[in-house]
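The values are calculated or read from the model by the stated rules, or taken from the named source; none is laboratory data. Just so it is clear, the structure is predicted and the values come from calculations on it, not from any experiment. Note that we place each Cβ from the backbone using ideal geometry, even for glycine, and neighbour counts take in every protein chain shown. Side chains are part of the model used for accessible areas, which takes the heavy atoms of the whole protein and leaves out ligands, DNA and RNA. Shrake-Rupley method; radii C 1.70, N 1.55, O 1.52, S 1.80 Å.
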Amino acid sequence: MNRTPQVPATASADSAKDLAAMVDANTPWFVPRGVPVARMADQIYRRLRTAILSGEIPARTRLVELEVAARLQVSRTPVREAISRLVSDLLVTPMTYGGVEVVDTAEEQGDIFVIREALEGTAARLAAERITDAELQALDQVLEDSKALPLDALAERAELNDRFHTLILKAARSQRLIQMVEGFREFFIDEVKLMRYTQRDTQTALKHHQEIVEALRAHDAKRAERLARNHLEHSKARLQKPGKRRRP
């Protein structure tokens, strides 16, 4: 007997079709049975958040609590909690006639870069005052590993780039600042965004990283902040510049 809950007739056909394509027992959308409600809500929240930020769930898609619960074959309680968190994240907005609508995060990219520039510039300034020799050695290793990678090793480059910025953030010794930056992590460089980087762009980014490390080693807080801001400004210009993506 088929026990799969059906999508309510009141749900929009387009929305139901979108969710049916995204939610399947053979994909990461499937939620295992027997998981505590709190943990289930967190899993649903993280999966929805990632799907929205990656564009897997397109902007202006309507999400209905009952419909999402039916597709995931879970109760409405964890879905309600997950959607509430997405509202707090400003990733969806409540609709007057029910459900929520996915916001267009692409329209916010400029603002997000400005916010990240300010936060990570501050992190670099604080790190210059507080960084340890061990942390500097770790940054040196990341630089060496990055220089040794071929240009088309996009996944590895993205991982090393994330590690570089994370090391500086942790060296700032500010838990509040770390939490603020973490809220924007899904917007950071990944292998898809790196496809827009030319060889010259990559070399420029590595040069920026080297200069930032030198400023940190010299404990020059003002210079470290300025270089970190310039580096992120370069990233913004590269990612917002029209052009074809380079194939890996």
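Some observations on this one:
- Stretching R130 away from H219 to a fully extended chain increases their span by 31.2 nm, per 0.36 nm per residue minus the current alpha-carbon distance.
- Note: relative contact order over the stretch 105-174, using C-alpha pairs below 8 Å and six or more positions apart, is 52 percent.
- Remark: accessible surface ordering of M195, M40 (largest first) is M195, M40, probe radius 1.4 Å.
- Taking amide hydrogens as placed 1.01 Å from N in the peptide plane, the amide H of V92 sits under 5 Å from those of V87, V103, each at least 5 positions away in sequence or on another chain.
- In Hz, Karplus ³J(HN,Hα) per residue of the stretch 90-101 (6.51, -1.76, 1.60; θ = phi - 60°; x = Gly, Pro): 6, 9, 9, 10, x, 9, 5, 9, x, x, 10, 10
- Estimated at 0.36 nm per residue, the fully extended path between Q210 and A38 surpasses their Cα-Cα distance by 57.6 nm.
- In terms of packing, defined here as the mean over residues of other Cβ atoms within 10 angstrom, the peptides 45-52, 121-128 line up highest first as 121-128, 45-52.
- Nitroxide proxy distance, nm - points 7 Å out along Cα→Cβ at T202 and Q137: 2.9 nm
- Using the Cβ-Cβ distance between H234 and R80 with R0 = 25 Å, the FRET efficiency computed as 1/(1 + (r/R0)^6) comes to roughly 0.05.
- The slack in the chain from R176 to L149, taken as 0.36 nm per residue of separation less the alpha-carbon distance, amounts to 6.4 nm.
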